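Everything below concerns the one structure shown next.
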Amino acid sequence: MTSAQPPVLEISADQARRIALRAQGLLGAPDRKGGVHGVLRHLGAVQLDTISVLARSHELVPYARLGALGRRTVDEAYWSGGRSFEYWSHAACILPVEEWPHFAFRRRAYRARPHWNHDLPAGAYDKVVAQLRSEGPLTATELGGAKNGGEWWDWSASKVAVERALMYGEVVCTERRGWKRVYDLAERAIPGAHLHDDMDDAECLRRLVALAGRSLGVGTRTDIADYHRLKAEQFDAVVADSGLVPVSVRGWAKPAWADPEALASEPRGRHRTTLLSPFDSLIWERARTERIFGFTHRLEAYVPRPKRIHGYFAMPLLAGGRLHGRVDPAREGTTLVARQVSLDGPKSLTPMAQALAEAASWVGCTDVRLERIDTPELRAPLTAEIARALA
């Protein structure tokens, strides 16, 4: 068993936290030269989600690492030049195009084990492929309509067909246009050097485990497997050949593995002060977030309003390499509304004010309005700090 491998060294929980922050691009000088695509390549996957509060999650991820980028350029940076594609990884994710070969195991699995709840009329699959071949990149609407007129899952035959072709790898999502997927033939959209399924399942898994370990720095079996939604037994089968090394982290109950490069030098540098999307890969695995930061977080967008504790889209505040509370934001015209703020004591005042002011400026807001706060005695000092940060 992989868990029986002796650890090569023991590290402290604090070292593991700083290794994780550096691996995720949130400790040390940001790679501004690499820009948004550099962030994507560094992380290996950026999760997509329909929710848009300050901005959509895939915009918030590079913002957290690089600061107030021009929002109009973010999508272009992801999609331009055929440098990325969308596929199922941790969830629906933007992935660097170099990773196309690594997901051959998943494409094969989808082809071999259909799991669809939608019936596919005869000829519908070949029809959408032929239409894409003759007309070029198209949305589901342009392919004949995405829905039959019922609920959101009541897909049209063309939508079912093109999504199946996407899962199989014959079709690829090359961009989002008005949040609609734009589909094209993989043979046309994926550069020839990457357009192959030559790797067997074991090699695909080995590479994905190695990449996940690099992106996390250090993690347990669950942490690393979950990064690209691999099964535990898939991780077990390849971890010994992945290049990751077993480590012991003081205070962690389970064995861990680390990227050797992450252990080669002590993590140092400037910490980012920023608000994090709940779908940010630093914190998307809730048990890991609690283990590393002592911070319990749950996305409450799908929790009934009366049962919410921190708000619809509460964004944790990262400052000094730790999580210091959270804010549930909204926008009203040119005002960023902090609908609900939770602070980790007075030490959180200045970083929360800085993060809110920077976020407001980024999305084109000139004011910040504070609504609810879980520590009423800190309302006045936080309001004053925000005013100073905006000045």
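The values are calculated or read from the model by the stated rules, or taken from the named source; none is laboratory data. Keep in mind that this is a model prediction, so the values were computed, not measured. Cβ sites come from the backbone with ideal geometry, for glycine too, and all protein chains shown count toward neighbours. Remember, those area values only see protein heavy atoms, side chains included, never the ligands or the DNA or RNA. Shrake-Rupley method; radii C 1.70, N 1.55, O 1.52, S 1.80 Å.
With respect to Val303, determine if the residue is modelled with pLDDT of 95 or more and either assigned to a helix (DSSP H, G or I) or not polar (S, T, N, Q) (or both). Spell out how you get there, then give the answer.
Numbers: modelled with pLDDT of 95 or more: no; either assigned to a helix (DSSP H, G or I) or not polar (S, T, N, Q) (or both): yes.
So Val303 does not fit the description; no.
Determine if region 81-92 includes at least one residue that is modelled with pLDDT under 95 and aliphatic (A, V, I, L, M).
Looking for residues that are modelled with pLDDT under 95 and aliphatic (A, V, I, L, M), one finds none in region 81-92, hence no.
Take region 294-347 and flag every residue that is polar (S, T, N, Q) and either under 21 Å from the mean Cα position of the chain (by Cα) or at positive phi (or both). Don't jump to the end; show me each part of the working.
The first filter runs over region 294-347 and keeps only residues polar (S, T, N, Q), leaving 296, 334-335, 340, 342.
Answer for region 294-347, where residues must be polar (S, T, N, Q) and either under 21 Å from the mean Cα position of the chain (by Cα) or at positive phi (or both): just Thr296.
Just for region 151-195: of the residues that are touching an Asp or Glu at 6+ places or on another chain (Cβ under 8 Å), assigned to a strand (DSSP E or B) and open to solvent by less than 20 Å² (accessible area, probe 1.4 Å), which one is nearest to Trp100 (Cα to Cα)?
Across region 151-195, the extreme among qualifying residues is Val172.
What number of residues within region 196-213 are out of contact with any strand residue (DSSP E or B) (no Cβ under 8 Å at 6 or more places or on another chain) and either open to solvent by less than 10 Å² (accessible area, probe 1.4 Å) or closer than 22 Å to Val74 by Cα (or both)? Break it down stepwise before answering.
We begin by selecting, within region 196-213, every residue out of contact with any strand residue (DSSP E or B) (no Cβ under 8 Å at 6 or more places or on another chain); these are 196-211.
Going one step further and asking which of them are either open to solvent by less than 10 Å² (accessible area, probe 1.4 Å) or closer than 22 Å to Val74 by Cα (or both), we end up with 204, 208-209.
Selection size over region 196-213: 3.
Can you name every one of the helices (runs of 4 or more DSSP H) wholly within region 1-92 that holds 1 or more residues which are among the hydroxyl-bearing types (Ser, Thr, Tyr)?
57-66, 71-79
Among the residues of region 301-317, write down those that are open to solvent by less than 10 Å² (accessible area, probe 1.4 Å) and within 14 Å of Phe279 (Cα to Cα). Full working, then the answer.
The initial filter retains those residues of region 301-317 that are open to solvent by less than 10 Å² (accessible area, probe 1.4 Å), namely 311, 313-317.
Listed by number, the residues that qualify are Phe313, Ala314, Met315, Pro316, Leu317.
Mind listing whichever residues of region 233-252 are within 18 Å of Ile19 (Cα to Cα), open to solvent by 40 Å² or more (accessible area, probe 1.4 Å) and without any contact (Cβ under 8 Å) to a residue 60 or more places away in the chain?
Gly243, the sole residue that qualifies.
Please state which of the following conditions His297 fails to meet, knowing it meets all the rest: (1) at pLDDT below 95; (2) open to solvent by 30 Å² or more (accessible area, probe 1.4 Å); (3) touching a helix residue (DSSP H, G or I) at 6+ places or on another chain (Cβ under 8 Å).
Condition not satisfied by His297: (2).
Give the residue that is modelled with the lowest pLDDT, with candidates limited to residues of region 28-78 that are out of contact with any helix residue (DSSP H, G or I) (no Cβ under 8 Å at 6 or more places or on another chain) and open to solvent by less than 30 Å² (accessible area, probe 1.4 Å).
Taking the candidates together, the pick is Val53.
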